[in-house]
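Step one of this worksheet: look at the structure below.
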Amino acid sequence: MDSVTTMTSCPCVPSTVWARPQSRAALDAFFRGFGFTAEADLSALAAWAMDGYAAHGAQPQSALAVARARVETWLAGVLGTEHAGGSLLARGRAAFVLCDGASRGARVLMQPSAPEEFTRQLRAAVPVPAPSQVTAVMPEQHLTLWPFGEMFRRWFRGAAPDVSISR
Amino acid sequence: MDAHSFSPESAGLRRAGVLGLAAVVTVAGTLEMHRLLSAQGTSAPEVLLLVLFALCFGWIALSFWTAVAGFLQSVVGERLPGPRYPTVDEEAVPLRSRTSVVMPIHNEDPAAVFANVQATYESVPATGHLDAFDFYVLSDSTRAEAWVAEELAWSDLCRRVGGQGRIFYRRRTDNTGKKAGNLGDFCERWGRRYDFTVVLDADSLMDGRTLVKMARLMELNPRTGIIQAPPLCVGRATLFARLQQFAGRVYGPVVAAGAAAWQLGESNYWGHNAILRTEAFINHCGLPVLPGKQPFGGHILSHDFVEAALMRRAGYTVWLMPELGGSYEQPPPNLLAYAQRDRRWCQGNLQHLSLVLASGLHPLSRAHFLMGVMSYVASPLWLLFLLSGLAAALHDRFFLDPHLLEQPGLAYDAPGALRLFAVSMGMLFTPKVLGLALALARGDEARRMGGRAKLVLSVLAESVLASLLAPVMMLFQSHFVFGTLLGYRVNWSSQQREDADLPWSEGLRRHAAHMAVGVGLAAAALLVSPGLAAWLAPVVAGLLLAVPLTVLTARASLGAWAARKGLFLIPEETEPPEVLERAQGITEEHAVEPVPDAVERVLTDAKAHALHLALLESQPGLSLDTPPAALESARRKLLGGEPEPLSAQEKVAALLDAGTLAEAREQRLTRAVS
């Protein structure tokens, strides 16, 4: 498996190394989410993800968790601390797909750092839908719609006042 | 806090001038009308006629004196007294404050929305103050297709301008409180990050220089709560829209300057193209839910007037500043779209009736509510005035002794009636004349409006067309007012914003009743006398010609023809400001790919899929709003053997569930591979 990390333009690992086809299928699905479709790319990425891990006996969920961690580490390195956070993987994947990263081949993910220009593109493409929230409460304003009526109601101990019904 | 503490010393004089003169003219006109009507005694329809006349005449008188005030203010050319304006040195200093520019949207065309956001955004760096601004598109879109198209358009925009981290997009899953609720949600989540908030409409466009000016004024005037930059209607091509644009450009400034001149720090807020002091807005402008049922109860529909009143109640001033410039919006493309928008606004404004007497409000805030109500109620009043006049004439024709009319002293004072009519028409058209006079006096402006001769010709043609369209709008608005009072519900759908031709069948369908009213009016008038029919001719003609007027004015080809002839030109067409030109260019340059089926798009397009999932994950908890039954049936359809079309609710449910989307996409990819 070590050989995978040294592969260059056409990574290829025989699928026979995978004792569990379900694990391989799960990893393929994961990497297809990044836009990779070529079998060669998927094989190489699966091998890269599981490098140094006891893949032969891995359950699909474990294999997936390892792959996620790998890619997250890669994304954290490339995107920097600015984009660190809970949804790093989803946002990083979106940036990767939006920049058509898969067209650069599996190798781009398998190297610890991406080319500078691609890194710049990726960082600019990370979706940041909103900044962190600073929660506030917008208190509902009290409006006595008819002060004279309110006065009469008080005198006669009337029913509900004519203010907001959502209180 | 003293409610009057921010009004300059001249406020009382200015208000007495406009309101006092309007009152004097109304009383004089009503007395004259009473004299005319009481020649043979006063019948019941005549009493009603007199009351209606007083209300309609008062409304015209207020507009007249406001326009006169605006004319004087424009001629003198001085700034409004009250606010502190920046010195040259202060203008050179970087802004100390942070401002959010928010655009609430609801099922709009994303191409137009994001083109406007981009043009506005790009105009800010040139001012050197980009760091002081963040932009938010606040989506309340309920259609799945609009939602996904917005996400894609937002992502494209951010990548084009490098706006990630500065241009944000948020979609709500529930539309509580509609636009006001949308803005309230923003305030509660991110409002505290900003000193000020500029509110835009879906078709708003603002120049970066105007944004900076507004933020600067807010910095210098800490007790100012809202500054409204009156938007200019631009950017449409249909004849109807070009008429609106022209009228807004020639007469609008006089009216706006007049309103600003006497309302001063107690002006109104129009809901968009305005800057708010965020903390004051959060603390004092949370809208109550009104007791009772619609139309007067429930959520406040037209939130802007109420927010301005609450802001003023809290001791902050509200200013209308026409001189700011650089503030734009688009008019509706045709009469029917205009009426559709009016229907929404009508209910919202009538709802304000229940707030007129609310405790603690500034008298001018109450006046704003009443003026808003009157802008719609004037139509049924005018209609009733016409009908009661007709009834009075019929009464005299059939129930009065004809010999009475021949006796000296009992005959109608026809010259007097004509005089009163002429005065009414004069007051009605004075704002147009004053606006025209100002435009003619400004040589460069007149040149950019086709030259002085074309400008005068355009005003004459616009006046004729507006007079013909007015009776139809009177019937539309009367229908809306009576419908609202009878409890019809208003559908707050997004308005039509594109320049599409109207079919004749649609015109006929919408105006059949109006034409019938026209025929009825003409027949009743002819029963009385041909003279009365001649008096009513402009109204009858407008109603009988409603279909061709609506259909033909909806045509962009006629709008373009008029432009080629130099008619209804505005300076923003002949020499467009950069921000307008840029917005137009972006719309043409970056066409947004349509999304015919949102779920299909998210499942088949890798970019849409990854982006959508990323946005879902950035807003945890969204899927909690998914109706379980809808999600279950969506899953069955998506993950079952044969693909089945999803309902609108199922689409939204599927789009809210990342797991379902990932599973369905994977299933499709696996199928494709095998």
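Any residue at all in the stretch B:609-629 that is more than 14 Å from chain A (Cβ to nearest Cβ), more than 26 Å from B:PHE168 (Cβ to Cβ) and modelled with pLDDT of 90 or more?
No: zero hits.
Quick one: would you say B:GLY507 is buried (at least 20 other Cβ atoms within 10 Å of the Cβ), at pLDDT below 95 and assigned to a helix (DSSP H, G or I)?
In short, yes.
Has the stretch A:50-60 got at least one residue that is in a helix (DSSP H, G or I) and either among the aromatic types (Phe, Trp, Tyr) or at the interface with chain B (Cβ under 10 Å from one of its Cβ atoms) (or both)?
Within the stretch A:50-60, none of the residues are in a helix (DSSP H, G or I) and either among the aromatic types (Phe, Trp, Tyr) or at the interface with chain B (Cβ under 10 Å from one of its Cβ atoms) (or both).
Which condition does B:TRP561 not pass, out of (1) part of a helix (DSSP H, G or I); (2) surrounded by fewer than 19 Cβ atoms within 10 Å (Cβ to Cβ); (3) in contact with a Ser or Thr (Cβ under 9 Å, 6 or more places away or on another chain), if it passes all the others?
The one condition B:TRP561 does not meet is (3).
Filter the stretch A:121-135 down to residues that are farther than 15 Å from A:LEU89 by Cβ and more than 7 Å from chain B (Cβ to nearest Cβ) and give me whichever is surrounded by the fewest Cβ atoms within 10 Å (Cβ to Cβ).
Ranking the qualifying residues of the stretch A:121-135, first place goes to A:SER132.
Select from the stretch A:72-105 the residues that are away from chain B (no Cβ under 12 Å) and either under 16 Å from B:ASP605 (Cα atoms) or out of contact with any Phe, Trp or Tyr (no Cβ under 9 Å at 6 or more places or on another chain) (or both) and list them in ascending order.
Result: A:GLU72, A:THR73, A:TRP74, A:ALA76, A:GLY77, A:GLY80, A:THR81, A:ALA84.
Are there helices (runs of 4 or more DSSP H) fully within the stretch B:14-101 with at least 2 residues that are buried (at least 19 other Cβ atoms within 10 Å of the Cβ) and under 33 Å from the mean Cα position of the chain (by Cα)? List them.
Ranges flagged: B:21-37, B:44-76.
Of all residues in the stretch B:293-333, count the ones that are outside any loop (DSSP other than H, G, I, E, B), closer than 30 Å to B:ALA115 by Cβ and out of contact with any strand residue (DSSP E or B) (no Cβ under 7 Å at 6 or more places or on another chain).
7
Take the conditions farther than 20 Å from B:ALA149 by Cβ and not in a helix (DSSP H, G or I) and apply them to B:GLU642. Does it pass?
Criteria met by B:GLU642.
Evaluate the stretch B:523-532: report whether one residue or more is touching a Lys or Arg at 6+ places or on another chain (Cβ under 6 Å) and at positive phi.
Looking for residues that are touching a Lys or Arg at 6+ places or on another chain (Cβ under 6 Å) and at positive phi, one finds none in the stretch B:523-532, hence no.
Only one of (1) buried (at least 20 other Cβ atoms within 10 Å of the Cβ); (2) touching a residue at least 40 places away in the same chain (Cβ under 8 Å); (3) part of a helix (DSSP H, G or I) is not met by B:LEU569, so which one is it?
(3)
State whether one or more residues within the stretch B:352-368 are in a helix (DSSP H, G or I), hydroxyl-bearing (Ser, Thr, Tyr), surrounded by fewer than 21 Cβ atoms within 10 Å (Cβ to Cβ) and in contact with a helix residue (DSSP H, G or I) (Cβ under 8 Å, 6 or more places away or on another chain).
The answer is no; no qualifying residue exists.
Does B:VAL652 satisfy the condition of being buried (at least 18 other Cβ atoms within 10 Å of the Cβ) and either at pLDDT 95 or above or closer than 30 Å to B:ARG448 by Cβ (or both)?
No, not satisfied.
On the basis of being within 14 Å of another protein chain (Cβ to nearest Cβ), under 16 Å from the mean Cα position of the chain (by Cα) and in a helix (DSSP H, G or I), does B:ALA256 make the cut?
Judged against the criteria, B:ALA256 is not a match.
Return a yes/no flag: does the stretch B:329-350 have any residue that is crowded, with 20+ Cβ neighbours inside 10 Å, more than 13 Å from the chain's Cα centre (by Cα) and closer than 18 Å to B:LYS178 by Cα.
yes
In the stretch B:131-142, which residues are away from chain A (no Cβ under 12 Å) and in contact with a helix residue (DSSP H, G or I) (Cβ under 7 Å, 6 or more places away or on another chain)?
B:ALA132, B:PHE133, B:ASP140, B:SER141, listed by residue number.
Within the stretch B:528-551, count every residue that is buried (at least 18 other Cβ atoms within 10 Å of the Cβ) and within 27 Å of the chain's Cα centre (by Cα).
Residues flagged as buried (at least 18 other Cβ atoms within 10 Å of the Cβ) and within 27 Å of the chain's Cα centre (by Cα) within the stretch B:528-551 amount to 9.
Please find, within the stretch B:173-203, the residue that is nearest to the other protein chains (Cβ to nearest Cβ) out of those that are charged (D, E, K, R) and under 24 Å from the mean Cα position of the chain (by Cα).
Selected residue: B:ASP185.
Run down B:VAL602, B:VAL579, B:VAL592 and say which single residue is assigned to a helix (DSSP H, G or I), more than 14 Å from chain A (Cβ to nearest Cβ) and either surrounded by 14 or more Cβ atoms within 10 Å (Cβ to Cβ) or at pLDDT 95 or above (or both).
None of the other options fit; the residue is B:VAL579.
Go through the stretch B:275-291 and report how many residues are touching a residue at least 12 places away in the same chain (Cβ under 8 Å) and not in a helix (DSSP H, G or I).
So the count comes out to 8.
Would you mind stating whether B:ALA554 is under 29 Å from B:ALA466 (Cβ atoms), free of Cβ contacts under 8 Å to residues at least 24 places away in the same chain and of a type outside the set (Asp, Glu)?
no
Every residue in the stretch B:159-172 that is charged (D, E, K, R) and either more than 7 Å from chain A (Cβ to nearest Cβ) or touching a Ser or Thr at 6+ places or on another chain (Cβ under 6 Å) (or both), please.
B:ARG160, B:ARG166, B:ARG171, B:ARG172 - these are the residues of the stretch B:159-172 that are charged (D, E, K, R) and either more than 7 Å from chain A (Cβ to nearest Cβ) or touching a Ser or Thr at 6+ places or on another chain (Cβ under 6 Å) (or both).
The values are calculated or read from the model by the stated rules, or taken from the named source; none is laboratory data. Note that the structure is a prediction, hence the values are computed from the model and not measured. All Cβ positions, even for glycine, are placed from backbone atoms using ideal geometry, and neighbour counts span all protein chains on display.
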